[in-house]
Amino acid sequence: MTLSDEGRELSEQLHSLLHDVDSSLEDDLEGILTWVNPNEPGSNHQMRPPSLRVKSAIKSLLNGVVTSESFIDLLGKYMIFQTRKHFFLNYQSLLYFKDVQKLERYYEFPTRYVNIFSSEEWCDEMSGLRNYLIRQNSGLKNNIQLRLEQLVHEDDFDMACKIYEWLCQAEGRLLPEILVDVLLSKVKLFASKNMNSAWTQRFTIMEAYNLFVTNYWSVFCRMLQCMEDDHEITNEIYRCFEEEFIRIRTSQVFDIFVTGFPTTKPTLLELRSVLKTSVKYTELITEFLYQFESKMLNPSITTAEILLSYVRAIKSILIVDVSFRYFQLLTNFVRPYLMERHDTVATFLYAMLGLDASDLSSKNSTSTHMSIASQLSAELRGSHQPISSSTAERGNLPHGKHALSMNPYEPAYQQIIDYYLHWNPEPADSIQANNDQALISKELFDIIVELFDSKDVIVREFLGLFTRKLLGLRGYKLESNWVQSLKVVKKKLDFKTYSSAQEFSNINNIDVMLRDVKHSEELCSLMHEKLGLSDRIIPKFVSYLFWNAHSDFSALPKDHPLPKELEADINNYKKAYTNVKKGRKLRLHPEQSIVELQLRLADGRDLNYEVTLDEALVLSYLSSNGDGTVEEIVKQTNLDISQVEKSLKFWVKSSILRYSTETSRYSVEERQNVDVKHAVERQSSSEIVNATDSVDLQQQQFIDSMQKVLPFIKGMLTNLGSLKADKIHSFLKMAVPKEIGYSATPSQLQLYLNALVEESKLVKTPNGAFRLAK
Amino acid sequence: MQLEFKKVYPVFSWSWDIPGDDDADREIGDEDLCGICRVSYNGTCPGCKYPGDNCPLVIGECNHNFHVHCIQQWLATPTAKGLCPMCRQQFSLKRGVAINEGQVEKLANLLLQPRPAALAADDQDMMMDQEFAVR
Ligand SMILES: [Zn+2]
Ligand SMILES: [Zn+2]
Ligand SMILES: [Zn+2]
């Protein structure tokens, strides 16, 4: 029997039942059967109350005397049958919970008027359909669960409860597993909202958890039908918050280790308290290395920036990892990259030793460089501040006896360095207990020194810096930060542990240099006060064998003719020295000597310069001689040609000298005449343009366009020392932003680089690489 | 242009002034090592830390030059028999040269006393010298 057969039969049975009683009611019956039938959408109730005719038909058929129990029973069967028929024809097209609701209302609507079912009967019927629906329509089931989750996310718990109840009814049981999933996804959402940027709070997990429980626990309890003090579940929720915290912080690891450090210390401490397995640590560090590489390890980042982020990261790792197992990974990772850079050691030393950034100032340093260098310096110096004081609001981290308490009457760096030198690591368990300070200062210096292949590299670099510093002293007083630096270097790079005699003597040199300076001071005051020598001369007498690092005292001795009045003074000093120090003689080193010059030009300008003596001698020669070629100057001053060229370049750049291309001679620019000068320049450059043919013009345009790229090349070479053209080409393709644009071919670039070499901006090394001209 | 040197901070290097050893016709690194310790005249003997006053050079009558501590130690050994280790002539300080001036009067003592025992003896640590610091 087909469905429509069964429907017809039921209808016929109803009719015949009625016919036996009162055939005049058959029309009414037909009207009701149509009105309640969900399968006749065109003529049924359509969710509207029945018309008067249907209403009175219902009244007379259901409440009238004519009705019998078997009639009601049969009518119920008919309605159930038609509902099921409609359901099975349509259930597959149900997609969302609202469709289900709509359909259920559609089925339920006529029962409000044809009130022949007990609520239990109807519920059972609906449950049966729901159960079938949820088993057969998995798409719908999925959507309903998603909707439940969404409602919980939106805090619409009324609706969520409704859906959950519906689901339970459909499945015929409670569904804690679905609810727990929803609960956990709510926790995730809540955690990310409350934890994401809370880097300066120390107890975000606890706070987020408490807030969550306050806001949502009772409603979840109701849905789960569990007790509010069910600790198994609340513990699970807490654990989930921990997990989320770790996951979120791991994804932010570069920001909390480097960018936001040290304000992120509270969150680092919290992270430490929840990182319990090595798997989590490894995930954290691996993610950091990944982010560090993509953000920092590329040629456009300066060494100081890399070092700064490295140092901050090391500090962060030391906060997070009390076992000291993981910082080594970072060191190993960064080492090869930093070792490629020629300025790493110097940058490190200046920052480590807290030396004045201006001491470091090289010609291509920009203000950004400086600010990063001083940040790095601050980072290294500040490493001895107890971090517990600023961050542990709950006060459960008392200062250990090792914490540095600042004495306002002593200079800060002094205390820091003293502290630094006297600090000893504590046994591991007491570290773990409560002393964050001990963690952070745990031989930071040694950790960073491990970056370098050997301590000797650092000693050598330091000696170079130190030698330059002493030679450049105006008097005999060394700034105390240098004295302190020496202490640190001596202590930390303990020369007693050196096996090689060479390294030992390197350190020993420092003492000899210092003694030379001190003796020079004594001799100077003797010469000025007792011997009455000219006090515009402040001499240094050096034991040259001990001053070799980075300065050349070993070149063949030469006599450099000095201006008369100066020569007399210098000779007096030489004589006086030989009188005091029997059996010894002196040699003057113009390149190491500094002079303060006053120039008075013909147009009345008075200019003061502080230059090296060789630069002064070149100028002095030209001033007394009128003019000269490079060769003449070399011959007359007895200076090396490189010294002479360097000096000439300096004075030309300072607009004190002028160079004539016609005569190849240098002469003093006695009058400053800006207009004339510029006019000449303009004239000559327009001549060039007129004279060029179109090919040269294109060439010129190309070189002009490359000017914009030049800073990138310079930055690269500053950071990496030297590079070959193809390397530069591929770096430029990566590094130059679109709005500036880099479209040259490798051979065009080669052409341009060669042009820069001709302009003395770059130098080509024997292996074909390019580096910046010194 | 008038050019005036307002201040000059010259850097001089000192070296022992050995007569007849003209800078001009001497090659770098040649012939300027103490015959005993093979360290430059202008450096120190192996026992000294500071060159110059603390570790002077002496010139022998035979024109062989040594750190005073080196020759002194050599002469103190019985096998030396007072001879120059280089030429086996009787060793004595050359007269009339400035280098030896300070040493001649101490000659007798010098030849008898051993050289300083160890580095530590004159190891005054310049770094700890507070006079040195300003600011
Ligand atoms: Zn010797
Ligand atoms: Zn000595
Ligand atoms: Zn001899």
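Quick check on region A:35-87: take the gyration tensor over C-alpha atoms, sort the square-rooted eigenvalues as a ≥ b ≥ c, and tell me if it's rounded (a/c under 1.5), prolate or oblate. Taking the square roots of the gyration eigenvalues as a ≥ b ≥ c, region A:35-87 is oblate. Would you work out which of A:Leu179, A:Ser197, A:Val114 lies farthest towards the positive end of the dipole of region A:88-198? Charges go on Cβ: Lys and Arg +1, Asp and Glu -1. Positive-most Cα among the choices belongs to A:Ser197.
Basic side chains Lys and Arg get +1 at the Cβ, acidic Asp and Glu get -1 at the Cβ, and with that the dipole of region A:267-352 about its Cα centre reaches some 240 debye. Total buried accessible area between B and A, probe 1.4 Å, nearest 100: 5800 Å².
Solvent exposure of region A:161-213 amounts to 46 Å² per residue of accessible area, where only protein heavy atoms count and the probe is 1.4 Å.
In straight-distance terms, cross-link reach from A:Lys295 covers every one of the lysines whose alpha-carbon lies under 23 Å from its own, apart from those fewer than eight places away in the same chain; here that gives A:Lys265, A:Lys280, A:Lys315, A:Lys714, A:Lys727, A:Lys733, A:Lys738.
Rolling a 1.4 angstrom probe over region A:3-136 with all protein chains present gives an accessible area of which 49% lies on carbon and sulfur atoms. Can you check what the Kirkwood hydrodynamic radius comes to for region A:13-59, Cα pairs only, in Å to one decimal? Averaging 1/r across every pair of different Cα atoms and inverting gives 11.1 Å. The listed residues B:Cys70, B:Cys87, once ranked by accessible area (1.4 Å probe) with the largest placed first, stand as B:Cys87, B:Cys70. Compared with its chain on its own, region A:587-618 contains the following residues whose accessible area drops by 50 Å² or more in the full protein assembly (probe 1.4 Å; ligands, DNA and RNA excluded): A:Glu596, A:Gln598, A:Arg600.
The reciprocal of the average 1/r between distinct C-alpha atoms defines the Kirkwood hydrodynamic radius, which for region A:3-136 equals 15.5 Å.
Electrostatic tally near A:Thr259: other residues with Cβ closer than 14 Å to its Cβ, Lys and Arg +1, Asp and Glu -1, net +2. Residues of region B:42-79 whose accessible area (probe 1.4 Å, heavy atoms of protein chains only) drops by at least 30 Å² once all protein chains are present, relative to their chain alone: B:Asn42, B:Lys49, B:Tyr50, B:Pro51, B:Asp53. Seen from A:Ile134, the other residues with C-beta closer than 10 Å to its C-beta sum to a net charge of +2, counting Lys and Arg as +1 and Asp and Glu as -1.
At q = 0.25 Å⁻¹ the log10 of I(q)/I(0) for region A:593-683 amounts to -1.39, computed by Debye summation with a single uniform scatterer per C-alpha, solvent ignored. In the context of the full set of protein chains, region A:593-683 has a per residue accessible area of 55 Å² (1.4 Å probe). The shape of region A:697-772 comes out oblate: with a ≥ b ≥ c from the C-alpha gyration tensor, a/c is at least 1.5 while a/b does not beat b/c.
Taking only the alpha carbons of region A:154-231, we obtain Rg and Dmax values of 14.3, 49 Å in that order.
The values are calculated or read from the model by the stated rules, or taken from the named source; none is laboratory data. Every value quoted in this text rests on a predicted model; they were computed, and no experiment measured them. When we count neighbours, we look across all protein chains shown, and the Cβ atoms used for this are built from the backbone with ideal geometry, even at glycine. Heads up: the accessible areas ignore ligands, DNA and RNA and are worked out on the full protein's heavy atoms, side chains in. Shrake-Rupley method; radii C 1.70, N 1.55, O 1.52, S 1.80 Å.
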